[in-house]
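These notes are about the structure you will find just below.
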Amino acid sequence: MIRGETVLVSFFEEGKRDAHNNPDPGHGDPIAVDNVLVAPAAASDVIDSVRPDGRLIRYTLYFPKTFTDDLTKALVKVRDDTLPVVGSPRPWCPDMTPGQWNLVVQVGDVDG
């Protein structure tokens, strides 16, 4: 039987306002989510003259059907990387997905 890893999720929270009255975004305390399948992707070059040595670090995560929270703007700690969620992932219909996982989430960041 396949068993996933435990990842830590920090949800986006709008905090206090900065000197220009803009929201100062932050993230709450992380929660552990068990049984997440982690698929590492190959690092790829970032084509940008400002960061010629940059790399895109990315994982594709498969969250279990029991996870129902909104991951928009969340941070996920996967192994030793804490990465932002890409986009606003939505689950597949549970009745249409065999197995325990129905939420596909991509996380990634630029390093360098």
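Just so you know, all these numbers are worked out from the coordinates, no wet-lab data involved. Every value quoted in this text rests on a predicted model; they were computed, and no experiment measured them. Backbone-built Cβ (ideal geometry, glycine too); neighbour counts: all protein chains shown.
Using θ = phi - 60° in the Karplus curve 6.51 cos²θ - 1.76 cosθ + 1.60, the 3J(HN,Hα) couplings for the range 22-34 round to 8, x, 9, x, x, 10, x, 5, x, 10, 8, 10, 8 Hz; x is entered for Gly and Pro. With the highest mean first, a sort of the peptides 60-71, 80-91 on other beta-carbon atoms found within 10 angstrom per residue produces 60-71, 80-91. Distance from the C-alpha centroid of the range 58-91 to that of the range 6-33: 14 Å, rounded to the whole angstrom.
Which FRET efficiency value, to the nearest 0.05, is calculated for ARG3 and LYS73 with the Förster distance at 25 angstrom and r the Cβ-Cβ distance? The calculated FRET efficiency here is 0.30.
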